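This report concerns only the one structure given below.
Nothing in this text is a laboratory measurement; each read-out follows from the coordinates by a stated rule. Nothing here was measured: the structure is a model prediction, and the numbers come from that model. Don't worry about glycine lacking a Cβ; one is built from the backbone with ideal geometry, like all the others, and counts go over all protein chains shown.
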Amino acid sequence: MQRILMLQIPSSQKEVNILTSMRLAQALRIAAKRFEEGAIGEANQIYLDVLEKFPKNKIALLGIKASRDAHTKNVNENRNPAPEQIRSIVSLYSRGKYHQVLAQIDQMIKLFPNSEIIYNILGVTNAALKQVSSAIKSYKRAIEIKPHYAEAYYNMGNALQVKGDLVAAIESYQKAIEIQPDYTGAYSNMGTALQDKGDLDGAIASYRQAIKARPSCAISHNNMGIALNAKGDLEEAIESYQKAIEIQPNYVDAFYNLGMTLKDTKFQKHQPKMQDLILKILEKKTYIRPKDIFPAAIRLLKFDPRIKSVINCYSTDKFDQSLYRSISSLCKVPLFLKLMSVCPISDLDFETILTAIRSKILLSLSEVYATPEILHFQSALALQCFTNEYIYSQTEKENKALALIELSVADIISNGKKPNEAAILCLASYKPLHEFEWSHSLAFPLQIKEVRKRQILEPLEEKSLRSQIPILCEITNSVSHEVRKQYEENPYPRWINLGLYLRPIPISKMIKELNLRLYNHKIITLENPQILIAGCGTGQHAIRTSSRLESSNVLALDLSLSSVAYAKRKTKELGIRNVEYIQGDILDLGKFNRRFDVVESVGVLHHMDDPIKGWKVLTDCLRPGGLMRIGLYSDLARQQIVRIREEIKKLNVGSDEVSMREFRTRVINSDQKYIKSIQSFTDFYSLSELRDLLFHVQEHRYTIPKIEDCISQLGLKFCGFETIEIIEKFKLLNTGFDDLYNLDKWNTYEKENSNTFGGMYQFWCQKL
């Protein structure tokens, strides 16, 4: 899970009266102590807090007068600039005018050489410019001038943490807390430092102190959730994220972390509030992939009494008589309708119900009363069918009824009349609307606005974008040509929402997070990485990578023009500007005179005629010292798929849409365990993913020794695997320092755990 560094909160910007966290007498004692130590501003603020609740308190009134006299004396002694001068500099800083700030500070230090405030601002500015050592030097000077300067200690802790000196950072935060016991930011950031250090209990204790000092600090609640999740306390982690979201309803980090935690949550009861939270996550386009949270959402929904009633109705053969009641029940569960609109419903119970409802509406359309509720459900169903590429089985009876409705709607439109909305949505549940000649000119009602957008306007935009995509050269390889044909028919995969990385990081940080072993360290200092995504499909990989690395430029290439057009549309939709697309074959990249710092090709090489030949071309595109991420099928983990592919070949099942639907029906009705097991794959529930899984025109599989041989042959060095979850399990049994990079040990581990790389080997290597 990605950890978040607490945002810097200057202690001068107090948001909570000090008396909320301590008694009057204690506050007055602290104020007096601060005054004696020379922290005049802090003492004055405490006195002001006291007077806010006790306007006639004599000690506070005398303290205010003494503070003002001392401030006047300090100004006269040329210690600190006037407040308006400070505000001017702070204003420049808040607008990101860091170099102007430095210029002004340079002048002010000449006039106020003993100003702790100026040195603190200088430190913060240097930190913003990533001059960490200079920042720390400035903070130390501020502390020399004013030994009890809490904010300078806090800021220095932040800088030390960035530098990686966690012990010193923790000490600095502790010093800030000694000076200012209610310093929320210091407690929270000390928590992140302790967590980075591996002290989860210490981190959680620190976050609790931060929350005690300031209960409304959403960041502290979120950070505590991360620590609790890492410790395995999932329920309390979820509660922490919920609290963070209650305080800050649009808190991206908390939503993301909640979603990632819910992935692994086993719900045991109906939880309406949790349904609402998951719905909010899904309504955000860039928080998390719907596919990631779908299993948890479906588990939760099956405890919902309204859903259970529909499942029970179907299982007792009363479904045919209860169409409206079933639709009404489903419409009362917004989370289910949302899932229908954003990702394939990869659950056979729900697929069976939706297939039956679709059929019943079609066959009794003349009797369907198009209520707003019915239309709402039909719209969600049409979006689901479009997203899964009409994978649901359909009978000959349905085909005949569908043909009649198509003729009827076309006739109505040709006579200048408005067709029935339920009829349009019925057609949209069996066939994309853009395939009908009348679709582009028809005025659609608001009830089906989203269906029109997905099924007509977006495909039309993709068609327009095709002409804007550069073509590398004509594809000549026969296998590449067949693969291209497959993805032209079914752009892989269709997707609606995508979980982006919360904020870009330098390539050095990515290397550290992934624990990659480097053989050339020059890449760590790289500031503007040039990245190639070889085989980008519909853009998910390219877009996520563009959000992962700071100041990166991404070139994404794919065989399929349809897939690239889809990717380009989604990139435009998300407002991403650092990705460019090109259509072409990896084998022809040698004709493209560009070199890259990072090359990523996941799930692509194993579909080529000669994978090592394609891998060699990618290696040639990589600069010396550059990093390469490769994804390849595991022969061991793929044996179940191999067996089913052999069965498909034996049965002579075609790869056209009708044949694939018929094969799915055979799988669903099969008594053979190994055949039915394919139902557990999410790829089973959309046409393009099913084709990629079982009907691909070309597939190679690998073992770890074979990968090691390829890496050596290409002059590369293995740097480590990508998938964190796999790595953590491996480390439980392989504790040596070098074990992570020992492919012999990984080979032994995979043989003992055959499904380890069920989702592919994903690993990094470096060009020497």
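Need one word for region 639-694: rounded, prolate or oblate. Basis is the Cα gyration tensor (sqrt eigenvalues a ≥ b ≥ c); a/c below 1.5 gives rounded, then a/b vs b/c decides. Judged from the Cα gyration tensor, region 639-694 comes out rounded (a/c under 1.5).
Using 0.36 nm per residue, how much length does the chain from A66 to K485 gain when fully extended, once their Cα-Cα distance is taken away? Please list the in-between numbers first.
Details: separation 419, 0.36 × 419 = 150.84 nm, distance 8.28 nm.
Stretched out fully, the A66 to K485 stretch lengthens by 142.6 nm.
Work out, step by step, the length gained on full extension between V653 and R666: first 0.36 nm times the residue separation, then minus their alpha carbon distance; give nm to one decimal. Provide the component values of the computation, followed by the final result.
Values: separation 13, 0.36 × 13 = 4.68 nm, distance 1.11 nm.
Separation in residues times 0.36 nm, less the Cα-Cα distance, equals 3.6 nm.
Select from Y251, L743, C385 the residue farthest towards the positive end of the dipole of the chain; place +1 on Cβ of Lys and Arg, -1 on Cβ of Asp and Glu, and compute about the Cα centre. In the chain, that residue is Y251.
Kindly express, to the nearest 10 degrees and within the range 0 to 90, the angle between helix 305-315's C-alpha long axis and the longest C-alpha principal axis of the chain. On a 0 to 90 degree scale, this one is about 20.
Using every pair of alpha-carbon atoms in region 230-315, split the distances into 10 Å bins beginning at 0 and state the percent of pairs per bin, rounded to integers. Histogram of Cα-Cα distances, whole percents per bin: 17, 49, 27, 7, 1.
Residue exposure proxy: H696, H481, H99, H221, ordered by other Cβ atoms within 10 angstrom of their Cβ from fewest to most, comes out as H99, H481, H696, H221.
Two-decimal Rg/Rh of region 396-516 from alpha-carbon positions, Kirkwood Rh? Intermediate results must be reported in sequence, preceding the final value.
On the way: Rg = 21.3 Å, Rh = 18.6 Å.
Rg/Rh: 1.14.
Placing +1 on the Cβ of every Lys and Arg and -1 on the Cβ of every Asp and Glu, with nothing else charged, gives region 639-694 a dipole about its Cα centre of roughly 220 debye. Remark: the chain carries a charge dipole of roughly 1800 debye about the Cα centre, counting +1 on each Lys and Arg Cβ and -1 on each Asp and Glu Cβ. As a ratio to 2.2 N^0.38 Å, the alpha-carbon radius of gyration for region 621-736 is 1.36. Taking 7 Å steps out from each Cα toward its Cβ at Q639 and K137 produces label points 6.3 nm apart. Here the simple spin-label model places points 7 Å from the Cα toward Cβ, and for R595 and N250 these points are separated by 4.5 nm.
Dividing the mean sequence gap of close Cα pairs (under 8 Å, 6+ apart) by how many residues the chain holds gives a relative contact order of 8 percent. For the chain, the longest principal axis of the C-alpha atoms and the axis of helix 218-231 are separated by about 60°.
Remark: S546, S220, S359 ranked as S359, S546, S220, counting other beta-carbon atoms within 10 Å and listing the fewest first. The angle separating the long axis of helix 98-111 from the principal Cα axis of greatest extent in the chain is about 0 degrees. Counting neighbouring beta carbons within 10 Å and listing from fewest to most, the residues F757, F303, F35 come out as F303, F35, F757. Which of K568/K591; K285/K308; K280/K572 have a Cα-Cα distance over 25 Å? Listed pairs above 25 Å: K285/K308. For region 102-204, the alpha-carbon radius of gyration amounts to 1.09 times the rule-of-thumb value 2.2 N^0.38 Å expected for a compact globular protein. P(r) for the chain, from all Cα pairs and a bin width of 10 Å, is 2, 11, 19, 21, 18, 13, 9, 5, 2, 0 %, short bins first. The tail of the calculated P(r) for region 304-465, taken as Cα-Cα distances beyond 27 Å, holds 21 percent of the pairs.
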